[in-house]
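Just below is one structure, and these are the notes that go with it.
The values are calculated or read from the model by the stated rules, or taken from the named source; none is laboratory data. Please read these numbers as outputs of a predicted model, since none were measured by experiment. Cβ sites come from the backbone with ideal geometry, for glycine too, and all protein chains shown count toward neighbours. To get the accessible areas, we keep the full protein, side chains included, count just its heavy atoms, and leave off ligands, DNA and RNA. Shrake-Rupley method; radii C 1.70, N 1.55, O 1.52, S 1.80 Å.
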Amino acid sequence: MTRHLNFERLHNFRDLGGYRTADGRAVRWGRLYRADSLGKLAGADWERFRELGIRTVIDLRYPWEIASRGRVPEAEGLAYVNLSIEHRPYDQAEIDPELDPWRYLADRYAEVALDGAAELRDALEVIAEGEDPQVFHCASGKDRTGLLAALVLVLLGVDEDTVAADFALTELATERLLADWHAAHPGREMRWPGYGRAPERVIRLFLADLAATYGSAHAYATGHLGVDEELLGRLRDRLLEPAA
């Protein structure tokens, strides 16, 4: 099976399938995808997307991002949900180059985890529904998308090393994400040299912060988000291969 799906204008579209869990099961292929902005879909990319059989799109961006940069095209049988999990906007191009970049991003993730509890739980509820393929995305498919992907994988029982490795796969898209930024902002200076980067250290810091505050990432989900055993069961039933 293929983890990275090739598109002309999308740079970070990936299948979350294949990862092993602590109980020996595996995440199903072709069931849940993560991506950068689907507002870029058009032409052959749109046809490629439709071939995947995706029936639900979860857009994690702010409404103002959607208004200015577009959303996935409307289509019969395609449900669209906007759940803006971030509540304190910041401009990554303007991050102070003197700051520890990975600590800075982990702190922003902590804000999302705190402020966006309702939207994150709603996203998990949507993911737990139905049998058809789904995709969730933000702008670059890196931060908000990476946070939700990490949370889903943790709840499925995937180990932290694997979660971190999945997060860091965005590094393969960094060059194209940066090129897109420059094309969209002609003449503007990129102050922060870490734009588009996603080293494992960011998500490891974030998971460590959740552990320090709540006991574990799993305890954060069951405590702060209110994820109960019924929802956990539905997530696992939908996304995991049957037990051997």
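Of note:
- Within a Gaussian network of the chain (alpha carbon springs, distance under 10 Å), most fluctuating of R201, R48, R88: R88
- Within the chain, longest stretch free of exposed chymotrypsin sites (Phe, Trp or Tyr not before Pro) [DSSP loop, at most 16 other beta carbons within 10 Å]: 91-244
- Stokes-Einstein diffusion for the range 123-244, with the hydrodynamic radius set to the Kirkwood value over Cα pairs and evaluated at 20 °C in a medium of 1.002 mPa s, equals 133 µm²/s.
- The charge dipole of the range 138-243, taken about its Cα centre with unit charges on the Cβ atoms of Lys, Arg (+1), Asp and Glu (-1) only, comes to about 460 debye.
- Distance between the range 42-91 and the range 117-173 - C-alpha centres, whole angstrom: 15 Å
- Charged side chains reduced to their Cβ positions (Lys and Arg at +1, Asp and Glu at -1) give the chain a dipole of some 440 debye around its Cα centre.
- Each residue was assigned an accessible area with a 1.4 Å probe, and for E129 the value is about 100 Å².
- Taking 0.36 nm per residue of sequence separation and removing the Cα-Cα distance, the D23/A243 pair yields an extension gain of 78.4 nm.
- Entry comment: accessible area of the chain is 44 Å² per residue, from protein heavy atoms only and a probe of 1.4 Å.
- Carbon/sulfur fraction of accessible area - the chain, other protein chains in place, 1.4 Å, %: 50 percent
- Rounded, prolate or oblate (a/c below 1.5 giving rounded, otherwise prolate when a/b exceeds b/c) for the chain by Cα gyration tensor: oblate
- Of H11, T56, G223, farthest towards positive along the dipole that unit charges on Lys, Arg, Asp, Glu beta carbons give the chain: H11
- Gain upon complete extension [A212, E189; 0.36 nm per residue less C-alpha separation]: 4.6 nm
- Once the Cα gyration tensor of the range 103-168 is diagonalised, semi-axes √(5λ) in Å: 19, 15, 12
- Rg of the Cα atoms in the range 67-198, relative to 2.2 N^0.38 Å, amounts to 1.13.
- Estimated D of the range 193-232 in µm² per second, where Rh is the Kirkwood radius over Cα pairs and Stokes-Einstein applies at 25 °C, 0.890 mPa s: 215 µm²/s
- Antiparallel DSSP beta bridges within the chain, as percent of all bridges there, nearest 5: 30 percent
- Gaussian network model of the chain, springs between alpha carbon atoms under 10 Å - residue of E131, E189, E200 with greatest fluctuation: E189
- Dipole moment magnitude, nearest 20 debye, the range 1-100 about Cα centre, only Lys, Arg, Asp, Glu C-beta charged: 660 debye
- Gyration tensor analysis over the Cα atoms of the range 5-127 returns equivalent ellipsoid semi-axes of 26, 21, 16 Å (largest first, whole Å).
- Here the contact order of the chain, divided by its residue count and restricted to Cα pairs under 8 Å and six or more residues apart, works out to 25 percent.
- Added length on full extension, which subtracts the Cα-Cα distance from 0.36 nm per residue, E175 to N6: 59.3 nm
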